[in-house]
Amino acid sequence: MKKRNDPDPGSMLAVAAVGVALVLEGACGSATTATAPGPGSVDLAVVMTASMDQTRVGETVTYAINVTNAGPAAAGPVGFTTWLTSHDDLQATTGNGWRCQPHTGNFVTCELAELAPGGSSALTMSRKAFQAGTLANTVEVDTKAQTDANLANNRATVAVRVE
């Protein structure tokens, strides 16, 4: 006999499925994996542009980087990583609220305490090219505290030709 305050078993199943990977069986018995965004999940994304698509050895290229959180929860802390090449030298990485560590080795990391759902935060990076070829700058954002519903938009790469 069901008591007045007992939850409906169907609603318990729906609540338990939020924020987990679901395996859905499609036509012909094939399985598809889908992730249902949970109440504590985020959707970080990064977009990057370069101040030029071609430069000369010894010149500095400035990159505009925009990190967004489509939510539904606040993300934080948000991590930012870029990898350095043997063809360039990092001049600066700055952004309002971002704490960037001095680079050691071949990467730079920065951290933002929190990014609200629907919010965005910008960084600027300057790198000086000192060898001809292609200067490929890759950046990645992540959060360890929440589940990111879409990891495919967490990395961006921009290539600049150096003469």
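For the peptides 143-153, 73-83, residues were scored by their other Cβ atoms within 10 Å and the scores averaged per peptide; the highest-first order is 73-83, 143-153.
Between region 97-163 and region 47-90, how far is it from one alpha carbon centroid to the other, in angstrom? Between the Cα centres of region 97-163 and region 47-90 lies a distance of 4 Å.
Ordering 156-163, 41-48 by mean Cβ neighbour count within 10 Å, with the highest value first, yields 41-48, 156-163. Note on W83 and T109: the extension gain reaches 8.5 nm, defined as 0.36 nm multiplied by sequence separation minus the Cα-Cα distance.
The amide H of H103, built 1.01 Å from its N in the peptide plane, has no neighbour under 5 Å, considering only residues 5 or more places off or on other chains. Taking the Cα centre of region 34-157 as origin and assigning +1 to Lys and Arg Cβ atoms and -1 to Asp and Glu Cβ atoms, the resulting dipole is close to 140 debye. With a cut-off of 15 Å between beta carbons, the residues surrounding N150 carry a summed charge of -3, where Lys and Arg count +1 and Asp and Glu -1.
Think of region 44-162 as having a plus end and a minus end, set by charges on the Cβ of Lys, Arg, Asp and Glu; of T147, A159, I65, A159 sits farthest toward the positive end of this dipole.
Summing Lys and Arg as +1 and Asp and Glu as -1 over all other residues whose Cβ lies under 12 Å from the Cβ of F80 gives a net charge of -1.
Bear in mind that the values in this text are calculations on the coordinates, not laboratory data. As the structure is a computational prediction, the values presented were derived from the model and not from experiment. Note: ideal-geometry Cβ built from the backbone for every residue, glycine included; neighbour counts use all protein chains shown.
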